[in-house]
Amino acid sequence: MGVERNHDPLAEIEKRIMSCTKCRLHSNRKHAVPGEGPRNAEIMIVGEAPGRMEDLQGRPFVGSAGRILDEMLSRAGLSRRDVYITNVVKCRPPNNRDPTDEEIMTCLPYLVSQIKILRPKLVIAVGRHAGRTLYHLAGKRWSSMAAARRKTVKANISGVETTIVVTYHPAAALYNPQLRKELESDFSGFIKREVTRVKGVEGSRKLGLDEWLHPDPDGSGEGSRG
Amino acid sequence: MGLVRMVDARLYFSDARTWRYMVGSIEKIVEEGVFVATGEGLSFRALDTSHVAMVDLFYPSSAFVEYEVSGKDSVEFGVSFELLAKVLRRARKDDELVIEVDGEKLYVKLKSRGERVFKIPQIMLSYEKLPEPKISFTVRARMLSSTFREVVKDLEPHSESITFKATDEALLAVGRSDIATAEIEMSVSRGSLLDFDAESNDKASYSIEYFSEMLSSAQAADSVAIRFAEDAPVRVDMEYLGGGRLTFYVSPRLE
């Protein structure tokens, strides 16, 4: 029996998504949009569904909303190279309508698989459908965007310990300057704090023991972790 | 009667090979550092350059055949471990070790039927005492050094990391690669552990490289004590005859 090297389970999921015919959305799509980003990304961005440009190119957040997302990521100290970006629903709903619950539920196993493979430390859900779906996956009660925004929710999604934060979809900011300000404040504020925390964990791998080195007046060494 | 040369410190140890094996591990982790000899004993503490591991040595003065620290509260001497290891690699069975600190000079003597004297330079380093890492350990296990060595040797061909997992009764050491998994279960009831105490079923992973580098020092140790907690550093104590202890802290790999 041969041993498969360079196994990329995320690529396998992406391949399955590209040929998926599980719901009616496949019949109108140009391209399915599985998601993209580094395989070791610790932060995942989850949107709702692909739009027209995404459908044409097969890549997430490439249109005007994508440009706003890039700007927001930069406010949080991130770039696309740092994050894996995907959507709850991988094919474009016709005329940019909201995905139905049935379409979301049919597509959901793909998102769960992506989370299980990637094991992100932080999931940033953009938009109501993305927030609601991630809360559902984490077994949390979703009431409204207003209630979920600016909250960080510790979650376990199919065995993956992570944190969920929710904010508006960048597309909403295209037409509403007030929402854009809110979005900017979210990415510069509580989302940036969570990003810093996650990057801090990453940093501790490099800093190694420094996190545990504090002056120890009693010299016992077995104090509480600072 | 010959003249008695006054030195700053004279440390006479009965088994040079213990130091050969200890320094054999230390030199793989830190290049140089400052030993501190006080009335209580000889100590050394240093971080590796990446700050992933710390070496912490303490050998009580009572474990030496002769232990003299003259004049001051403490005598500090900086050494290059590469150089010290080169000298100590010449230590043979029955060799005794004498370390003399004399001003800026350091004499390392291997004594058996004859006496071989190596004069090596001290390294001028500023000495700043590092704090001891503060970790709330939840799992403690002690084993014979031979058990420790076997565990590391079983895992190192298959894995870049060593994962310790505690169950209520046993300590598991797991190594994993793309093609193979190795799992070793140790418990007091099976005779592979001398002591075991787990407050919770914690798990943590470490780079196996550091454990491979500890093997030399384990060769001379009586027993090895391992302490860890969930995703916290591991503390590995090499316990030597006479109360000497060489401790390694290794920070966890977050996987």
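What to note about this one:
- A:Asp82 being charged (D, E, K, R) and closer than 19 Å to A:Glu194 by Cα: yes
- Every listed requirement among (1) away from chain B (no Cβ under 14 Å); (2) modelled with pLDDT of 90 or more; (3) outside any helix (DSSP H, G or I) is met by A:Arg150 save one, (2).
- Among the strands (runs of 3 or more DSSP E) confined to region B:45-132, the ones with at least 2 residues that are at negative phi and open to solvent by 80 Å² or more (accessible area, probe 1.4 Å) are located at B:115-121.
- Region B:116-162, residues that are touching a Phe, Trp or Tyr at 6+ places or on another chain (Cβ under 9 Å), closer than 21 Å to B:Arg45 by Cα and charged (D, E, K, R): B:Glu132, B:Lys134
- Considered as a group, the residues in region A:193-211 that are more than 8 Å from every other protein chain (Cβ to nearest Cβ) and at pLDDT 50 or above include one that is surrounded by the most Cβ atoms within 10 Å (Cβ to Cβ), and that residue is A:Val195.
- Of all positions in region B:144-154, none carries a residue that is basic (Lys, Arg), within 14 Å of another protein chain (Cβ to nearest Cβ) and outside any strand (DSSP E or B).
- Counting only helices (runs of 4 or more DSSP H) that sit completely within region A:36-147, those holding 3 or more residues that are on the phi < 0 side of the Ramachandran plot and surrounded by fewer than 19 Cβ atoms within 10 Å (Cβ to Cβ) correspond to A:52-57, A:64-75, A:101-118.
- The listed residues are B:Ala232, B:Ala218, B:Ala204, and the only one of them that is within 14 Å of chain A (Cβ to nearest Cβ) and either under 21 Å from B:Ala46 (Cβ atoms) or not in a strand (DSSP E or B) (or both) turns out to be B:Ala232.
- Within region A:159-187, being at pLDDT below 90 and open to solvent by 50 Å² or more (accessible area, probe 1.4 Å) holds for A:Glu161, A:Leu174, A:Tyr175, A:Asn176, A:Pro177, A:Gln178.
The values are calculated or read from the model by the stated rules, or taken from the named source; none is laboratory data. Everything numeric in this text was worked out from a predicted model, so none of it was measured. Don't worry about glycine lacking a Cβ; one is built from the backbone with ideal geometry, like all the others, and counts go over all protein chains shown. In case anyone asks, the SASA skips ligands and DNA or RNA and just uses the protein heavy atoms, side chains included. Shrake-Rupley method; radii C 1.70, N 1.55, O 1.52, S 1.80 Å.
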